[in-house]
Amino acid sequence: MIFCCLPVKAPSRAKERLRTYFTPEQREKFARAMFEDVLVEARKVRGLDRLVVISNDAQSLIIAGAAGAQVLLEKDQHGHSASADWAAAECMKRGAQTVLLIPIDVPAVRAAEIESLLEASAALPRPHLVIVPSRDGTGTNAMVRTPPNVIASRFGPGSFSEHVARAEAAGAEVKVMRPEGLLNDIDEPADVERFLATATAGRTAELLRDFFPGKASHPA
């Protein structure tokens, strides 16, 4: 069984590197909008047995449940790595043989890009890791892990090389992919500016047009 997991940090504490760019209220709305955009695309993905949202934020779990996702209440959050590995373990208890981990800060992602990761995974022997780096090549923006616990997560600076090294040490085959929508995570003001220049649709784009009238790209 293939599960897609979306770990959701409490939006009130999300995107702290953007605290000088957005007001606290804007930052929370921005985090929620990105989550909703990723959730919409994840729901369209073919080949998934289950879509799971993990969070300790009640509103995020309500939105996820209404969208048909299974929700897992995380009592305490100790960073993205801990959340991802806890989610993977919980999914294994529910029968998952493969887990796809996607962050919620990639609002430009499209369902077809996510499906391409699953297609690549299906062609690989067990155990394996399909991994998407950040645009600068240092971070990790998505992983398909078979089995779900083939490696422990180590998100943060330098995580891409660390995840690859851990997979190789575990004897897992590694495939690197770079779907455009998954490369574009939004962590820094420059990432917001890039998204503003190209985004035309989605909740995040609409919100940014409200925040920065006349600055964001508009649909034709």
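The values are calculated or read from the model by the stated rules, or taken from the named source; none is laboratory data. Remember, predicted model here, so these are calculated numbers, not experimental data. Positions of Cβ are generated from backbone atoms using ideal geometry, with glycine treated the same way; all protein chains shown enter the neighbour counts.
Take the conditions (1) surrounded by 15 or more Cβ atoms within 10 Å (Cβ to Cβ); (2) under 26 Å from Arg194 (Cα atoms); (3) among the hydrophobic types (A, V, I, L, M, F, W, C); Ala112 misses just one of them, which is (1).
Please indicate, with yes or no, whether at least one residue in the range 143-151 is within 24 Å of Val40 (Cα to Cα), charged (D, E, K, R), in contact with a Leu (Cβ under 8 Å, 6 or more places away or on another chain) and surrounded by 17 or more Cβ atoms within 10 Å (Cβ to Cβ). So far as the range 143-151 goes, yes, one or more of its residues are within 24 Å of Val40 (Cα to Cα), charged (D, E, K, R), in contact with a Leu (Cβ under 8 Å, 6 or more places away or on another chain) and surrounded by 17 or more Cβ atoms within 10 Å (Cβ to Cβ).
The residues of the range 1-35 that are in contact with a Ser or Thr (Cβ under 8 Å, 6 or more places away or on another chain) and charged (D, E, K, R), listed by number, are Lys9, Glu28, Arg32.
Considering the range 96-125, and only residues there that are of a type outside the set (A, V, I, L, M, F, W, C), out of contact with any Gly (no Cβ under 9 Å at 6 or more places or on another chain) and at pLDDT below 95, the residue that is farthest from Arg43 (Cα to Cα) turns out to be Asp105.
Within the range 198-208, not a single residue is under 21 Å from Ile2 (Cβ atoms) and either under 18 Å from the mean Cα position of the chain (by Cα) or buried (at least 21 other Cβ atoms within 10 Å of the Cβ) (or both).
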